[in-house]
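Here the structure comes first, spelled out in structure tokens, and everything after it is commentary.
The values are calculated or read from the model by the stated rules, or taken from the named source; none is laboratory data. Just so it is clear, the structure is predicted and the values come from calculations on it, not from any experiment. Glycine also receives a Cβ, built like all others from the backbone with ideal geometry; neighbour counts cover every protein chain displayed. Note: accessible area is taken over every heavy atom of the protein model, side chains too, but ligands, DNA and RNA are not part of it. Shrake-Rupley method; radii C 1.70, N 1.55, O 1.52, S 1.80 Å.
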Amino acid sequence: ARSQNTLGKGLLNLLSRDRLDEDTWEEIEELLLTADVGVQPTQELVEALRTRVKVLGTRSPDELRGLLREELVALIDPTLDRTLNTAKHADEDPARPAVLLVVGVNGVGKTTTSGKLARVLVADGRKVVLGAADTFRAAAADQLQTWGERVGARTVRGPEGGDPASVAFDAVKEGIAEGADTVLVDTAGRLHTKTGLMDELGKVKRVVEKHGPVDEVLLVLDATTGQNGLVQAKVFAEVVDITGIVLTKLDGTAKGGIVISVQRQLGVPVKLIGLGEGADDLAPFEPEAFVDALLD
Amino acid sequence: MFDTLSDRLAATFKNLRGKGRLSEADIDATTREIRIALLEADVALPAVRAFISRVKERALGAEVSAALNPAQQVIKIVNEELISILGGETRRLRFAKNGPTVIMLAGLQGAGKTTLAGKLAKWLKDQKHTPLLVACDLQRPNAVTQLGVMAERAGVAIFAPEPGNGVGDPVKVAKDSIEFAKSKLYDVVIVDTAGRLGIDAEMMQQAADIRAAVEPDEVLFVVDAMIGQDAVTTAQAFLEGVDFTGVVLSKLDGDARGGAALSVAHVTGRQIMFASNGEKLDDFDAFHPDRMASRILGMGDVLSLIEQA
Ligand SMILES: Nc1nc2c(ncn2[C@@H]2O[C@H](COP(=O)(O)OP(=O)(O)OP(=O)(O)O)[C@@H](O)[C@H]2O)c(=O)[nH]1
Ligand SMILES: Nc1nc2c(ncn2[C@@H]2O[C@H](COP(=O)(O)OP(=O)(O)OP(=O)(O)O)[C@@H](O)[C@H]2O)c(=O)[nH]1
Ligand SMILES: [Mg+2]
Ligand SMILES: [Mg+2]
């Protein structure tokens, strides 16, 4: 009877290990790949997991998923400071509003994010000025202004096709004059490969800094973006030194896994997420909730 | 990352050099690298799988050619399969026999629909058509104004009876635009619609209703070349929702490898018709499957590798 028992146990072990080895590992790899985590980070994660599984003697797919969740949360690092600097510099004379610059490639949700963020701040009793430094795209300033009217923030705009840096400069200047708490500068979408447009963005920042340092440079990334997101983030970081990431369109089916690499390689935290087209569809980034949605 | 990738592929191909016949192991080693290359180019996993199995099948069954060595043969197969999935020869726009030709645009938020509307209008106008732009995005703030600017820049007419920003019924605007176009003798109607998510049932129904109202000759699905794995889910949702007839790949002026092209073609079988490659009205071109194949693999010109092999 004893030998039968041992045999039974061995078989059981073998069966459960088989399941972990074959299907479950493949499933995990697929899950990460289809979430846009990327080939290399996926391979690294799977390797790290294999080691831990060996050490811990993990058997069940459920436990393995638990470990994966742990690894992902650790990668995204819940301890990172994700606060957004939006408070007025009251100690300066004259008091100077916090200045936020919103940047990113075309169509990712910069203008919408600016509107939503203004909404949050206004609801918190702050005075917000919007700067329409997208003087290029058709009706971009109108779009921002509509958002401003919707949420109760004034929009400073310049002539269509005018110099975006001077609009941004003026927005901050008027923000100071009006005693605003925060100035949000919305910039034109630009692909990171267009050096002329990237130089222009650098200039926008430098010109705004004549009033004092910029408090936040937010890079907006669309959750549907694949591996190109990393290149985008690197180039924008080089040009304007981004301080935070906004991950938009997480209300769709895309998981936004590219931000894992972005955060890790640039050390810049995701601070906010976009969850829709409405004024209230902006939320703080929560690593655990993000990972849960990714594994879902 | 991309350079080492093509290096890796080239290295694999080099290992195959000089062999008289492809072994299964050779093919496995090669397709493993190709799989990684495709994933890094954002080709969606289901499309990668299908592609790899087709390549394997053909490579195994391939006659040993006198002109090409085995490595060259694999590359040739990969390239041919890519081009064939991406659509072979480019298809032209279908025009209506009677009455105005109707082209409807659909896609995710920010994909490039409104910009494309302007580009198409200009392109058609240059071919002596008289296009009419129709503003059916009554949702996104100032989408109507944006289309108005596009119309002005393209020098074409616009039908925009509703102000938008949440006011007006897009299905009714779509329907009325056809009567308007007929009465004013516009021969092509281009319907710009709001961006929507594949899982937004209500908005997908609205898109289906617009489609039913205008009975388009072409429904073009506009997809951002930077999109990742979600391309498959989204393309499937739009295929079910509006049964698009063609695809436009936008923002190809960036450095995204554009694997979405393969994903979308794979799941829908619809042909990619145009490439949108810039923010200006003339940044617009027919889609070239051969160029896209090279771009996805990131090897400049895949065929030049055959010569090196
Ligand atoms: N579903 C969803 N749509 C969003 C979200 N954020 C923005 N959008 C939509 O995405 C589209 C583009 O948003 P914009 O704010 O105009 O993007 P942008 O980055 O300012 O675009 P450009 O200035 O043209 O580069 C619009 O249709 C928005 O309504 C989000 O979190 N979820
Ligand atoms: N670089 C580049 N930018 C493009 C291209 N096509 C569109 N854009 C830009 O992408 C952004 C979004 O384009 P839209 O035409 O407004 O996109 P849409 O699909 O109409 O967006 P929604 O109506 O909000 O869903 C704008 O900044 C455009 O200028 C392209 O081919 N290349
Ligand atoms: Mg904008
Ligand atoms: Mg639009």
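State yes or no: is A:Leu101 within 14 Å of ligand 3 (Cβ to nearest atom) and aliphatic (A, V, I, L, M)? Considered against the rule, which asks whether it is within 14 Å of ligand 3 (Cβ to nearest atom) and aliphatic (A, V, I, L, M), A:Leu101 comes out as yes. Of all residues being more than 16 Å from ligand 4 (Cβ to nearest atom), farther than 25 Å from A:Leu67 by Cα and of a type outside the set (A, V, I, L, M, F, W, C) in the range A:240-270, which is surrounded by the fewest Cβ atoms within 10 Å (Cβ to Cβ)? Just the residue, please. My answer is A:Asp241. In the range A:142-244, counting only strands (runs of 3 or more DSSP E) that sit wholly within it, the ones holding 2 or more residues that are within 16 Å of ligand 2 (Cβ to nearest atom) span A:182-187, A:216-222.
Residues checked against (1) more than 9 Å from ligand 1 (Cβ to nearest atom); (2) away from every other protein chain (no Cβ under 12 Å); (3) open to solvent by less than 20 Å² (accessible area, probe 1.4 Å):
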{"residue": "A:Val108", "(1), (2), (3)": "no, no, yes"}
{"residue": "A:Leu117", "(1), (2), (3)": "yes, yes, yes"}
{"residue": "A:Asp134", "(1), (2), (3)": "no, no, yes"}
{"residue": "A:Asp142", "(1), (2), (3)": "yes, no, no"}
{"residue": "A:Gln145", "(1), (2), (3)": "yes, no, no"}
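Which one of these does B:Ala111 not meet: (1) among the hydrophobic types (A, V, I, L, M, F, W, C); (2) away from chain A (no Cβ under 14 Å); (3) closer than 30 Å to B:Ile296 by Cβ? B:Ala111 satisfies every listed condition except (2). Filtering the range A:247-259 to residues that are more than 11 Å from chain B (Cβ to nearest Cβ) and within 11 Å of ligand 1 (Cβ to nearest atom) leaves only A:Leu247. Could you tell me whether the range B:149-161 includes any residue that is within 24 Å of B:Glu202 (Cα to Cα), touching a strand residue (DSSP E or B) at 6+ places or on another chain (Cβ under 7 Å) and assigned to a helix (DSSP H, G or I)? No, the range B:149-161 has no match at all.
Of the listed requirements (1) within 14 Å of another protein chain (Cβ to nearest Cβ); (2) crowded, with 24+ Cβ neighbours inside 10 Å; (3) within 16 Å of ligand 1 (Cβ to nearest atom), A:Val204 misses just one: (1). With the checklist (1) within 30 Å of A:Val151 (Cβ to Cβ); (2) away from chain B (no Cβ under 14 Å) in hand, flag the one item A:Gly66 doesn't pass. Against the list (1) within 30 Å of A:Val151 (Cβ to Cβ); (2) away from chain B (no Cβ under 14 Å), A:Gly66 comes up short only on (1). Checked against the criterion of being within 14 Å of chain A (Cβ to nearest Cβ), more than 19 Å from B:Ala261 (Cα to Cα), at pLDDT 70 or above and open to solvent by 10 Å² or more (accessible area, probe 1.4 Å), the candidates B:Glu24, B:Glu33, B:Glu40, B:Glu57 yield just one match: B:Glu33.
In the range A:131-146, the residues that are acidic (Asp, Glu) reach residues that are assigned to a helix (DSSP H, G or I) and within 9 Å of ligand 3 (Cβ to nearest atom) with C-beta atoms within less than 6 angstrom, at least six apart or across chains, in these pairs: A:Asp134/A:Ala140. Among the criteria (1) within 16 Å of ligand 2 (Cβ to nearest atom); (2) surrounded by fewer than 19 Cβ atoms within 10 Å (Cβ to Cβ); (3) not acidic (Asp, Glu), the one A:Val103 does not fulfil is (2).
With the requirement that a residue be aliphatic (A, V, I, L, M) and open to solvent by less than 20 Å² (accessible area, probe 1.4 Å), what does the range B:179-196 give you? Once the filter is applied, which keeps residues that are aliphatic (A, V, I, L, M) and open to solvent by less than 20 Å² (accessible area, probe 1.4 Å), the range B:179-196 yields B:Ala181, B:Val188, B:Val189, B:Ile190, B:Val191, B:Ala194.
At least 1 residues being within 22 Å of A:Leu219 (Cα to Cα) is the threshold, and among the helices (runs of 4 or more DSSP H) wholly inside the range A:25-139 those reaching it are A:39-56, A:61-76, A:110-123. Hey, could you check the range B:117-142 for residues that are within 14 Å of chain A (Cβ to nearest Cβ) and either part of a strand (DSSP E or B) or farther than 20 Å from B:Ile178 by Cα (or both) and say which is most open to solvent (accessible area, probe 1.4 Å)? Within the range B:117-142, the match that is most open to solvent (accessible area, probe 1.4 Å) is B:Gln139. Restricting B:Gly164, B:Gly155, B:Gly254, B:Gly168 to residues that are among the small types (Gly, Ala, Ser), without any contact (Cβ under 8 Å) to a residue 40 or more places away in the chain and in contact with a His (Cβ under 9 Å, 6 or more places away or on another chain) narrows the list to B:Gly254. For the range B:242-266, name all the residues that are over 29 Å from A:Gly104 (Cα atoms), at pLDDT 95 or above and more than 15 Å from ligand 2 (Cβ to nearest atom). B:Asp243, B:Thr245 - these are the residues of the range B:242-266 that are over 29 Å from A:Gly104 (Cα atoms), at pLDDT 95 or above and more than 15 Å from ligand 2 (Cβ to nearest atom). Where residues in the range A:164-192 are free of Cβ contacts under 8 Å to residues at least 40 places away in the same chain and not aliphatic (A, V, I, L, M), which of them is farthest from ligand 3 (Cβ to nearest atom)? Looking at residues that are free of Cβ contacts under 8 Å to residues at least 40 places away in the same chain and not aliphatic (A, V, I, L, M), I get A:Lys173. A:Val151 meets the conditions (1) buried (at least 24 other Cβ atoms within 10 Å of the Cβ); (2) in contact with a helix residue (DSSP H, G or I) (Cβ under 8 Å, 6 or more places away or on another chain); (3) within 14 Å of chain B (Cβ to nearest Cβ) in every case but one. The failed one is (1). The condition (being within 23 Å of A:Asp251 (Cα to Cα) and away from ligand 1 (no atom under 16 Å from the Cβ)) is satisfied by just one residue among B:Gln206, B:Gln229: B:Gln229.
Only one entry in B:Gln109, B:Gln146 is under 25 Å from B:Thr233 (Cα atoms) and within 16 Å of ligand 4 (Cβ to nearest atom), namely B:Gln109. Condition first: more than 9 Å from chain A (Cβ to nearest Cβ), within 22 Å of A:Val37 (Cα to Cα) and open to solvent by less than 10 Å² (accessible area, probe 1.4 Å). Now tell me which residues in the range B:216-255 satisfy that. Within the range B:216-255, B:Val223, B:Ala235 meet the criteria. Note on the range A:260-296: residues that are within 12 Å of chain B (Cβ to nearest Cβ), away from ligand 1 (no atom under 16 Å from the Cβ) and under 12 Å from the mean Cα position of the chain (by Cα) amount to 1. Out of all the residues in the range A:78-92, which are closer than 21 Å to A:Ile273 by Cα and open to solvent by 50 Å² or more (accessible area, probe 1.4 Å)? Those that are closer than 21 Å to A:Ile273 by Cα and open to solvent by 50 Å² or more (accessible area, probe 1.4 Å): A:Pro78, A:Thr79, A:Leu80, A:Asp81, A:Thr83, A:Asn85, A:Ala87.
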